[in-house]
Amino acid sequence: MTRARPTLSLLAALLLPPLAGAAIPAVAHDFWIEPSTYRPQPLQRVALRHRVGEHFLGDPAPRDEALLLRFAAIAGDGEQQVPGIHGRDPAGIAQAPASGTLVVAYQSRGSIAELDRGRAARYAEEEGVAAQLPAGWQSRPLLRDLFSRSVKSLLVPRGGRSDGFDRVVGLPLELVPLADPSRLAAGGALPLRLLFEGRPAAGIQVAALSRLDPSQAVRARTDADGEATLLLPRGGEWLVKAVKVVPATSAGADFASLWASLTFVAGER
């Protein structure tokens, strides 16, 4: 089945005017996709917003074509690029499939963030990356991080199947659920796998934040197979995230980091 592409008039109706003075912070806070609904009707068009912030509280991040490497909606009938207008929020729109999970994927180019000692220490503790940072990082007055984003969101049409929730879409750092999040009851266990360049990423902290109580993160660390299990205490909207540090590919950076996130609604089928 080929899904209809949104028209320019529909884009104009869904995309708001440019945000005055909107900017992404200089540090690599969390970044996620926030759809207008995680449970669309079959074939419904959904607005996709980019958010940047901490503890599941975020500011709008308008679409930035200079940073965007990939922004796609992937379903059983293939992949469609997500249309949108530079500088606008929402960042784009996608059409839900008739049935099956729609995976929305976003990949960014790298940006530099400067971290002083205090900010670097907070970064290392919160993201669980102290052992991955360059030797002697604690004593350096300033660190330059070349960070990039690998972001997914899962949308499940009402009344249909949810197959495709575990689809691997080829992001550089990718969180892949191994159980269907839409069928998790309160207190359900969510096993997942973290992939780095398509291979299991071991020893990486994975954290899940609930929209209802984002200050109480659920954390686990991936095993040799890149797998971890998160015990979610409730249903509703969740943000799962992970950070992997790798050697810098630019002379202007001390290290590079990849930030993965996954948003979905648990239960509520």
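Bear in mind these aren't lab numbers, they're just calculated from the coordinates by the rules spelled out. Worth saying up front: this structure is predicted, and the values here are computed from it rather than measured. Cβ placement follows ideal geometry from the backbone for every residue including glycine, while neighbour counts extend to all protein chains displayed.
Which one is surrounded by the fewest Cβ atoms within 10 Å (Cβ to Cβ), of the residues in the range 131-181 that are more than 24 Å from Asp225 (Cα to Cα) and aliphatic (A, V, I, L, M)? Spell out the reasoning first.
At the first step, the residues of the range 131-181 found to be more than 24 Å from Asp225 (Cα to Cα) are 134-147, 155-162.
Those left that are additionally aliphatic (A, V, I, L, M): 135, 142-143, 146, 155-156.
Details: Ala135: 6, Leu142: 11, Leu143: 19, Leu146: 21, Leu155: 28, Val156: 28.
If we take residues in the range 131-181 being more than 24 Å from Asp225 (Cα to Cα) and aliphatic (A, V, I, L, M), then Ala135 is surrounded by the fewest Cβ atoms within 10 Å (Cβ to Cβ).
Take the range 150-191 and flag every residue that is under 23 Å from Pro233 (Cα atoms) and under 14 Å from the mean Cα position of the chain (by Cα). Even if it seems obvious, please write down each step before you answer.
Going through the range 150-191, the residues under 23 Å from Pro233 (Cα atoms) turn out to be 152-156, 162, 165-166, 175-191.
If the condition is that a residue be under 23 Å from Pro233 (Cα atoms) and under 14 Å from the mean Cα position of the chain (by Cα), then Lys152, Ser153, Leu154, Leu155, Leu175, Val176, Pro177 are the ones that fit.
One residue is enough: does the range 226-237 have a residue meeting the conditions without any contact (Cβ under 8 Å) to a residue 40 or more places away in the chain and among the β-branched types (Val, Ile, Thr)?
no
Anything in the range 169-200 that is in a loop (DSSP other than H, G, I, E, B) and under 20 Å from Gly110 (Cα atoms)? List them, or say none.
Passing the criteria: Val169, Gly170, Leu171, Pro172, Glu197, Gly198.
With the requirement that a residue be farther than 23 Å from Ala217 by Cβ and over 18 Å from the mean Cα position of the chain (by Cα), what does the range 102-136 give you?
Answer for the range 102-136, where residues must be farther than 23 Å from Ala217 by Cβ and over 18 Å from the mean Cα position of the chain (by Cα): Ile112, Glu114, Asp116, Arg117, Pro134, Ala135, Gly136.
Within the range 232-241, is there a residue that is outside any strand (DSSP E or B), under 17 Å from the mean Cα position of the chain (by Cα) and small (Gly, Ala, Ser)?
No: zero hits.
Can you tell me which residue is surrounded by the fewest Cβ atoms within 10 Å (Cβ to Cβ) among those in the range 76-106 that are part of a loop (DSSP other than H, G, I, E, B) and of a type in the set (S, T, N, Q)?
Of everything passing the filter in the range 76-106, Ser99 is surrounded by the fewest Cβ atoms within 10 Å (Cβ to Cβ).
Looking at the range 250-258, is at least one residue outside any loop (DSSP other than H, G, I, E, B) and of a type in the set (A, V, I, L, M)? Outline the logic, then answer.
Going through the range 250-258, the residues outside any loop (DSSP other than H, G, I, E, B) turn out to be 255-258.
Subsequent filtering for residues that are of a type in the set (A, V, I, L, M) retains 256, 258.
Within the range 250-258, one or more residues are outside any loop (DSSP other than H, G, I, E, B) and of a type in the set (A, V, I, L, M).
Can you spot a residue in the range 147-159 that is within 22 Å of His50 (Cα to Cα) and charged (D, E, K, R)?
Narrowing the range 147-159 to residues within 22 Å of His50 (Cα to Cα): 147-157.
Filter once more, so that each one left must be charged (D, E, K, R): 149, 152.
Scanning the range 147-159, I find at least one residue that is within 22 Å of His50 (Cα to Cα) and charged (D, E, K, R), so the answer is yes.
Give the range 210-225 a look and list any residue that's in a loop (DSSP other than H, G, I, E, B) and closer than 17 Å to Glu127 by Cβ, or say none.
Once the filter is applied, which keeps residues that are in a loop (DSSP other than H, G, I, E, B) and closer than 17 Å to Glu127 by Cβ, the range 210-225 yields only Thr222.
Got a number for residues in the range 109-130 being over 19 Å from Gly203 (Cα atoms) and either crowded, with 21+ Cβ neighbours inside 10 Å or in contact with a His (Cβ under 7 Å, 6 or more places away or on another chain) (or both)?
Number of matching residues: 2.
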